[in-house]
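Beneath this line is the structure, given in structure tokens, with notes to follow.
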Amino acid sequence: MTSNISADEVFEYTGEGQSIPKDVVSVRFHPDVIEVNDTTFFDCKDLEKVVLNEGLQRIGRFAFHNCTSLESISCPSTLIEIGYKAFEYCNRLKKVLLNNGLKEIWENAFDSCSALVTISLPSTVTYISNGVFQYCVNLREVKLHEGLQAIGDSAFACCIALVTVSLPSTVTHISDYSFQDCRNLREVFIHSERLQIERCSFTRCIRLSIFKYPSISNRLSKIIQTGHYPRVEAKIDEVRGTVERRGSDLFVSVATMAEVVIGVQQSLDQIIKLISYYEIKEATTLFELALWKSNLDQAEAANDINRDVNRIEVPGPVKDTILQYLS
């Protein structure tokens, strides 16, 4: 439907059954709207501004598909779901604000939003669906938060401006082709200790050379810095297998990751087990020292200081049980 709506006139969207003029430029949502129905603003190529209302819960399938003049969208805190291909081909969409509370972003929701530069996914989004941001060719920064569990097929495929990706500790699975053809991607930071990466997850990422494990590396660094365990690095080297080490920094080359994905995780499991062993050993020593200091403080108050008498150790059987469990 075509109307003679003027460019500075604001159209109020009130919900289901309302006729939408194809030449609409600016839209304001009525406070009572809880859902944008499927295809509501489909192919409204003149639509430049949309103000969504607090209370809105769902944006339907193809709701803003091919709105090629739309430059920004700010989702309310009440929004729970963004539908299939809801903003696909919105090729001037530069800014998208997603708030905590959002739970589902369906397949290809922002596919081919070629002007999008940065995106921050709230912690309430646990799964990035297939193809959600594929062909977002100017997407340079992706902020993923703790709570995210998995990344679907081709989720960021052909995002050629991406340089680095940091995966939260809660991520356990990256599907095939998730980052395919991200040809400027150089580093991937993995904070998860249990991450399944499919063999084709990073296909044709021609500049990608390294996967880094900063969280595990930081744990190893703290153990080395104590100086209590001079052979810890040698022991790590004995079990690290396909994982490489430079000082306390642990990493895997792309060639290795592609060839032996399962072997990498097995090597990491051995490293984490060894690190955990030394962490518990160090914690037990600190606990003993704390008990000893507490007793000495009490003895000083009673003018009866005998350091050896007041020394307390975690009982041998308890310590042995803890360390044997981790060995």
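Before moving on, here are some points about what is shown:
- Among the residues here, TYR213 qualifies as surrounded by 15 or more Cβ atoms within 10 Å (Cβ to Cβ), of a type in the set (Ser, Thr, Tyr) and touching a residue at least 40 places away in the same chain (Cβ under 8 Å).
- Tallying residues that are among the basic types (Lys, Arg), in a loop (DSSP other than H, G, I, E, B) and closer than 25 Å to GLU187 by Cβ within segment 222-276 yields 1.
- Conditions (1) out of contact with any Phe, Trp or Tyr (no Cβ under 6 Å at 6 or more places or on another chain); (2) more than 30 Å from SER166 (Cα to Cα); (3) modelled with pLDDT under 85: number failed by ARG311: (1)
- Total residues in segment 11-62 satisfying the condition of being of a type in the set (A, V, I, L, M), assigned to a loop (DSSP other than H, G, I, E, B) and out of contact with any Leu (no Cβ under 9 Å at 6 or more places or on another chain): the figure is 1.
- Identity of the residue in segment 229-267, in contact with a Leu (Cβ under 8 Å, 6 or more places away or on another chain) and within 17 Å of ILE174 (Cα to Cα), that ends up modelled with the highest pLDDT: GLN265
- Residues that are polar (S, T, N, Q) and surrounded by fewer than 17 Cβ atoms within 10 Å (Cβ to Cβ), drawn from segment 40-54: ASN53
- The set of residues in segment 8-38 being hydroxyl-bearing (Ser, Thr, Tyr) and crowded, with 16+ Cβ neighbours inside 10 Å consists of TYR13, SER26.
- From the options LEU116, LEU70, residue that is buried (at least 19 other Cβ atoms within 10 Å of the Cβ), farther than 20 Å from ASP181 by Cα and of a type outside the set (D, E, K, R): LEU70
- In segment 166-184, of all residues being more than 15 Å from GLU198 (Cβ to Cβ) and in contact with a strand residue (DSSP E or B) (Cβ under 6 Å, 6 or more places away or on another chain), the one that is surrounded by the most Cβ atoms within 10 Å (Cβ to Cβ) corresponds to PRO168.
- Filter pass, GLN225 being without any contact (Cβ under 8 Å) to a residue 24 or more places away in the chain and of a type in the set (S, T, N, Q): yes
The values are calculated or read from the model by the stated rules, or taken from the named source; none is laboratory data. Owing to the predicted nature of the structure, the values given are computational and were not obtained by experimental measurement. FYI the Cβ positions are ideal-geometry reconstructions off the backbone, even for glycines, and counts take in every protein chain you see.
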